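First up is the structure itself, then whatever we jot down about it.
What follows is calculated from the coordinates using simple rules that are stated; it is not laboratory data. Values in this document were obtained by computation on a predicted structure and should not be read as measured data. Ideal geometry is used to build each Cβ from the backbone, glycine not excepted, and the neighbour counts take in all protein chains shown.
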């Protein structure tokens, strides 16, 4: 047993002495990477790589190439930039630079004349010269054409044996044709005297009924203002040619006075209620009332409309007798419209010329008395009346001169004073 243990110890010692020493894995990797020498302790079974030996081959003889092929194969280098400060006489040029400079064109300096803007007088002279040249060319061409015509005419006379006298033919001129058409749109405005206009209106009366002589007065545009009122009435000396029916709202003595003056309808509060209910029809042309009855008459404002009594028109008064007589005497009420024009009838065309003239004078006088106080910058007619026209119901109108209207108004005032 003791011999076996001794043998085992000897074998173990021999084995461990032959075993290679143990190394760390990281140290082995670093040694392989950074050491070119072979590791003596490496594994003997590891196969070492063979070293690479250089190999040389014999060169082949190539055929000689032409000079042009060699120049094409070699890349051309761009010429070096020549500094402007260098002196070309003393500088040594390279071969490539000489090749480029030899083929370059020679550039010679060129100078241009300075341009100056033409002055206005130079331009006028140039235009005059151009027009003169054109006129000379035209004159030359005209003379050439005249000579050709003259030669042709003389040749024709020689051939035909004609003897003609040279007659100077006058140059044609335009004849202005006067337009005598009475219906032409562009007519010269004609202002008539009042007598001539009334005579023309009566001569133009060709209707089957008795037409009315109408007056249309265009006032100043300032009267289009709503705060300037223009209204009134005029008693025509020769009447209007129509019978008016007059209604009077009064009580007691005023009602009796109205009946005596010739009023057609007279009544008090009971007449107001009858007209309001419709029992009595409104078949009158003018309406007059006393101030005490206006409280009841206001209820008829929607029924009477423009016939409503008004103190400015003189239809609200205590003097019933005179007012009714004036109304029955065919007085005319006038009022401006929204375009500042007054339209009024002044009688029938069948009246005499003198009667129509007096009616027009009376209306012009009443129009001047009704002039608004707030109208500024106006004299008797200027700045107040722009134009005055008279016409028949279906006839043409005639523009009347302001001077003849003023004479008619003055004549009416003289007749009233007598």
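Decide, for segment 292-418, between rounded, prolate and oblate: order the square roots of the alpha carbon gyration tensor eigenvalues as a ≥ b ≥ c, take rounded if a/c falls under 1.5, and otherwise choose prolate if a/b is larger than b/c, else oblate. In terms of gyration-tensor shape, prolate. Distance between the 7 Å Cα→Cβ label points at residue 317 and residue 151: 10.4 nm.
The Stokes-Einstein estimate for segment 243-328, based on a Kirkwood radius over Cα pairs and taken at 10 °C with 1.306 mPa s viscosity, is a diffusion coefficient of 127 µm²/s. When peptides 262-268, 245-251, 351-357 are ranked by their average number of other Cβ atoms within 10 Å per residue, the highest-first order is 245-251, 262-268, 351-357. Mean separation of Cα pairs under 8 Å and 6 or more residues apart, divided by the residue count, gives segment 225-284 a relative contact order of 30 percent. Were the residues from residue 132 through residue 95 laid out at 0.36 nm apart, the gain over their Cα-Cα distance would be 6.6 nm.
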